[in-house]
Amino acid sequence: MALTLYNTLTRRKETFRPIDPGNVRMYVCGPTVYDYAHIGNARPVIVFDVLFRLLRHIYGEKHVTYARNITDVEDKINARAAEEYPGLPLNDAIHLVTSKTEKQFHADIAALGVLPPTVEPRATEHIPGMVRLCETLVANGHAYVAEDHVLFDVSSMPDYGRLANRSLVDMEAGARVDVAPYKKGPMDFVLWKPSKPGEPGWPSPAGIAALGRPGWHIECSAMAEQHLGQVFDIHGGGIDLVFPHHENEIAQSRCAHGTPVMANYWMHNGFLQVEGEKMSKSLGNFVTIRELLETTKFGDRSWPGEVLRLAMLMTHYRQPIDWTSKTLLEARLNLLRWVEAVRGSDPRDETVSPTVIRALENDLNTPEVIAELHRLARLAKSTNQDDEPSSAANQLVWALNFLGFGSHKDLLRINEELDHAIDAALKTVIEKGITDRNAARKAKDFKEADRIRDELSAMGIQLKDAKDPATGEIVTTWEVKR
RNA sequence: GGCCACGUGGCGGAGUGGUGACGCAGCAGACUGCAAAUCUGCGUACCCCGGUUCAAUUCCGGGCGUGGCCUCCA
């Protein structure tokens, strides 16, 4: 089956046909680095990581270029820098904020099993490209200079609004923004603006004498052009970026290059809510990736990155997702189950279940993938040899690996973390309890056996008795209560 | 006000013009000294009102509800 993707441009699922199968190119809007990434930021990062992995599987690792940018010039960064380092020159403070935040971001998403993109361009390293775009747009009549700003003239582009599916007339009718007096049209947007003294500034385009800095959208146009070319295959991001960010990127790039499209396929992940409400600092439900990984702030426990990743993939990427501790518990339970199913296996020949690939090829239907993982786990744990448990376990290992949950070894480590993360002293107590209890059971002193079991249970340790299928002996294991 | 999504069983969550998602919870059986765990099996659904159709949860129209965008936002 061919890869099919939902395209926001056409509002339907389409067969994916790359411009050049030898170099499939994808751009995804990355973070603006001024603060810890929150769990909503993690969604596109994970979703497009899955797509990246799938594209590499289909076209070959060397034939996919994935660019995910870092925006390190922006008003919020300036504000944060001034606030955090009031004693430093602004530009030094900005550098501290952006480099620190970028490091945090990389550490956070690495914990989520996200592969590094092929290139990770920074906005500040692409200022000349932005200046050139401005120059071109002014020269060809799509932009104009006013009060040291360069503004895009939306009336110069007949199909402006096509991605967001709205006409200029609609937007102006619904406008509720004060229009800057120097704008020709109310929807015109800034490509370049003057810097205030002390702010980061670069030599301006189009004969503007004052130092300036880029507007919000231009950085993506410049970085995409440099790393992927004027027209490329896939452009992704959160659905809230459709308008104005992506619409304006399209306007700038297409009008500068004279191309009918910027990217052939536009993909957008759905919005994330937290416990049924919009995530916001004022509601107090704002939650960062790092808090989920390292603190017990959400759901009274910390969560391994694999659990967060799975929770994100349990809902289809275009659907809204409600981020709840219940969802995380369910993800954790599923993961434990799968890890248990592959624990004793010895995976060799790499075979990713065709069902998994087929489900992903259908517009990244990860819930269907998860159903297949459950099926494989059931077979792997089946006692019926006709089900070929070892083959199923092997497939499960490779499917999980393919989806970014790590190698077989990593999976066993997850199990250790989720199940046996307990200090050595307590482990000794548990082992002794099991030995004593089994002795008591042999002596038919069930009162004593149950007392030991209850005592461990009160400590949060669950004993599990299982029959060894070969010998018929009862083997007792334990886990931290789920 | 304009535009765009979404509304599936107790819960989460796929999908489909006519029969099965899947998971959790629940119920039953096997196992167990009894439990738990595990294994096996089972049930219940498609917001409301019209329309199209032999047939609609699925397509179309209207309504209601929730969310998003129109201003920084993944």
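The values are calculated or read from the model by the stated rules, or taken from the named source; none is laboratory data. Being a predicted model, the structure only gives us computed values, none of them experimental. Positions of Cβ are generated from backbone atoms using ideal geometry, with glycine treated the same way; all protein chains shown enter the neighbour counts. Just the protein is used for accessible areas: all its heavy atoms, side chains included, with ligands, DNA and RNA removed. Shrake-Rupley method; radii C 1.70, N 1.55, O 1.52, S 1.80 Å.
Annotations
- Candidates A:Val356, A:Val369, filtered to the one that is within 22 Å of the chain's Cα centre (by Cα), away from RNA strand B (no atom under 12 Å from the Cβ), assigned to a helix (DSSP H, G or I) and at negative phi: A:Val356
- Within segment A:441-482, the set of residues being without any contact (Cβ under 8 Å) to a residue 24 or more places away in the chain, more than 8 Å from RNA strand B (Cβ to nearest atom) and in a helix (DSSP H, G or I) comprises A:Lys442, A:Glu448, A:Arg451, A:Ile452, A:Asp454, A:Glu455, A:Ala458.
- Qualifying residue in segment A:270-278 (condition: more than 11 Å from RNA strand B (Cβ to nearest atom), among the hydrophobic types (A, V, I, L, M, F, W, C) and open to solvent by 20 Å² or more (accessible area, probe 1.4 Å)): no
- Counting only helices (runs of 4 or more DSSP H) that sit completely within segment A:167-262, those holding 1 or more residues that are among the hydroxyl-bearing types (Ser, Thr, Tyr), touching a residue at least 24 places away in the same chain (Cβ under 8 Å) and out of contact with any Pro (no Cβ under 7 Å at 6 or more places or on another chain) correspond to A:218-228, A:247-257.
- Criterion (crowded, with 20+ Cβ neighbours inside 10 Å, more than 15 Å from the chain's Cα centre (by Cα) and within 11 Å of RNA strand B (Cβ to nearest atom)) met by exactly one of A:Ala341, A:Ala311: A:Ala341
- For segment A:23-30, the count of residues that are modelled with pLDDT of 95 or more and not in a strand (DSSP E or B) is at least one.
- Screening A:Thr8, A:Thr15, A:Thr71, A:Thr4 for residues that are without any contact (Cβ under 8 Å) to a residue 60 or more places away in the chain and within 16 Å of RNA strand B (Cβ to nearest atom) leaves exactly one candidate, A:Thr15.
- Selection status of A:Ile414, open to solvent by less than 10 Å² (accessible area, probe 1.4 Å) and modelled with pLDDT under 85: yes
- Selection of segment A:263-284 for residues being part of a loop (DSSP other than H, G, I, E, B) and in contact with a Phe, Trp or Tyr (Cβ under 9 Å, 6 or more places away or on another chain) yields A:Gly270, A:Glu275, A:Met279, A:Ser280.
- Test: residue in segment A:145-153 that is modelled with pLDDT of 90 or more, surrounded by 17 or more Cβ atoms within 10 Å (Cβ to Cβ) and in a loop (DSSP other than H, G, I, E, B): yes
- A Cβ distance below 6 Å, combined with a sequence gap of six or more or placement on separate chains, defines the contacts here; from segment A:357-374, residues that are in contact (Cβ under 8 Å) with a residue 60 or more places away in the chain and under 21 Å from A:Arg17 (Cα atoms) reach residues that are among the polar types (S, T, N, Q) and open to solvent by less than 40 Å² (accessible area, probe 1.4 Å) in the pairs A:Asn362/A:Thr4; A:Asp363/A:Thr4.
- Residue in segment A:135-156 that is among the aromatic types (Phe, Trp, Tyr) and over 23 Å from the mean Cα position of the chain (by Cα) present: yes
- Just one residue in the set A:Arg332, A:Arg318 is within 13 Å of RNA strand B (Cβ to nearest atom), charged (D, E, K, R) and in contact with a helix residue (DSSP H, G or I) (Cβ under 6 Å, 6 or more places away or on another chain); that residue is A:Arg332.
- The set of residues from segment A:344-368 being surrounded by fewer than 22 Cβ atoms within 10 Å (Cβ to Cβ) and either at pLDDT below 90 or aliphatic (A, V, I, L, M) (or both) comprises A:Gly344, A:Ser345, A:Asp346, A:Pro347, A:Arg348, A:Asp349, A:Glu350, A:Thr351, A:Val352, A:Ser353, A:Ile357, A:Ala359.
- The set of residues in segment A:453-480 being open to solvent by 80 Å² or more (accessible area, probe 1.4 Å) and among the basic types (Lys, Arg) consists of A:Arg453, A:Lys467.
- Condition met for A:Val33 (more than 25 Å from A:Tyr6 (Cβ to Cβ) and touching a residue at least 24 places away in the same chain (Cβ under 8 Å)): yes
- Segment A:298-308, residues that are within 13 Å of the chain's Cα centre (by Cα) and within 15 Å of A:Val287 (Cα to Cα): A:Gly305, A:Leu308
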